[in-house]
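The values are calculated or read from the model by the stated rules, or taken from the named source; none is laboratory data. All figures in this text were calculated on a predicted structure; none of them were measured in a lab. Neighbour counts run over all protein chains shown; Cβ positions are idealised from the backbone, glycine included. Note: areas computed on protein heavy atoms with side chains; ligands, DNA, RNA excluded. Shrake-Rupley method; radii C 1.70, N 1.55, O 1.52, S 1.80 Å.
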Amino acid sequence: MPSPDARRAKSEQAFGVASFEATSLIAAIPAEDCGRSAHRRAPLKPPTVRGNTVVGATAALGAVVTGGFMAGSPSVPGATADAAEAALPATSLAAATQPLHIATVASGSTFHDISATTAMLPVVVPGDRVAANDNRDVEALHKGEALAAEAVAQHALAVKEASILAGGGGLDDWIAVALDKLNLPQALSGGVKRVIMAESRGNPHAINRTDSNAMAGRPSQGLMQVIPSTFRAYVLPELAGRPITDPVANITAGVRYMIANYGIGTLKAGGRRFNGQYVGY
């Protein structure tokens, strides 16, 4: 077998270069690198997720749920698609929100803003209904005020009527109460007053002692100068217990007699007349 020196010389002749020992190459490698070069890998580049719909959806959902706003590049160092998906809530938000409309960003593009469009839950604004309710409330208030005013007026009339029936008031008051008791319009008051002034001059205690009725022992009495039998037949029943000279009771008897025998038109005209002169009834 050739010696090492012989082999080296033969190699130099064949290749034209000086041979070297493998042990020399090994010796040239630092001791700390021995056995490690075979296991060394290129440094890992942090993966980036660009144009990923999952990340975009996560950012938009975060803005909706937390009320915050997210903006920036989706290429965040250290972020992965798995991490983005893990950030999604465990329960579905579809039942609580409307679908999100998110634009897809092409790979390599810079994503400056993330905006989510979602339909808000409907809020009922009554609008015209509130105005209608307000109008009804105002109308009810006005109606209540009118009813209250009417009640006050009726109470005042009742108090006044009680006072008149007790002997107070004057001729106009007596006529008004009598017509009210008879459920007749106050528009007749003028005609009633003309009859009274022609019969008794407005004196509730007037007694005619000179006419035929007086001669027959049944003199005409009171404001409307009715005789006792007429008074008893025509006085308003609820006032029948009052004397013939009672102003209100006497008027009710005379008015009812005139309407029954001559009509309401005659009463309104102020009694019967002949050649412009008053004619007793």
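At 1.4 Å probe size, what's the solvent-accessible area of V279? Round to the nearest 10 Å².
Rounded to the nearest 10, the figure is 50 Å².
Per residue of region 251-263, in order, report the coupling 6.51 cos²θ - 1.76 cosθ + 1.60 (Karplus, θ = phi - 60°) as ³J(HN,Hα) in whole Hz, putting x for Gly and Pro.
5, 4, 5, x, 5, 5, 5, 5, 5, 5, 9, 10, x
I'd like the accessible area for T266: 1.4 Å probe, protein heavy atoms, all chains in place, Å² to the nearest 10.
30
Can you compute the radius of gyration and Dmax for region 163-245, using only the Cα atoms, both in Å?
In order Rg, Dmax, the Cα atoms of region 163-245 give 12.9, 37 Å.
Sorted by mean Cβ packing within 10 Å, highest first, what order do the peptides 164-170, 224-230 take?
Values: 164-170: 13.3, 224-230: 20.3.
Per-residue Cβ counts within 10 Å, averaged per peptide and sorted highest first, yield 224-230, 164-170.
If you rank K193, K160, K181, K143 by how much accessible surface each has, with a 1.4 Å probe, what is the order from largest down? Each step should come with its number before you reach the end.
Details: K193 75, K160 100, K181 45, K143 135 Å².
My answer, sorted largest first, is K143, K160, K193, K181.
Apply the Debye scattering formula to region 193-281, with a single equal point scatterer on each alpha-carbon and no solvent, then give log10 I(q)/I(0) at q = 0.26 Å⁻¹.
-1.40
Can you give the local net charge around K268? Use residues other than it whose beta-carbon is closer than 14 angstrom to its beta-carbon, Lys and Arg +1, Asp and Glu -1.
Details: positive: K193, R194, R272, R273; negative: none.
Net charge in that neighbourhood comes out at +4.
Let's test this: bin the Cα-Cα distances of region 141-198 at 10 Å from zero up to the farthest pair and state each bin's percent.
Percent of pairs per bin, in order: 21, 42, 27, 9, 1.
For L236, what charge total do you get from the other residues with a beta carbon under 9 Å from its beta carbon, if Lys and Arg give +1 and Asp and Glu give -1?
Surrounding charge for L236 is +1.
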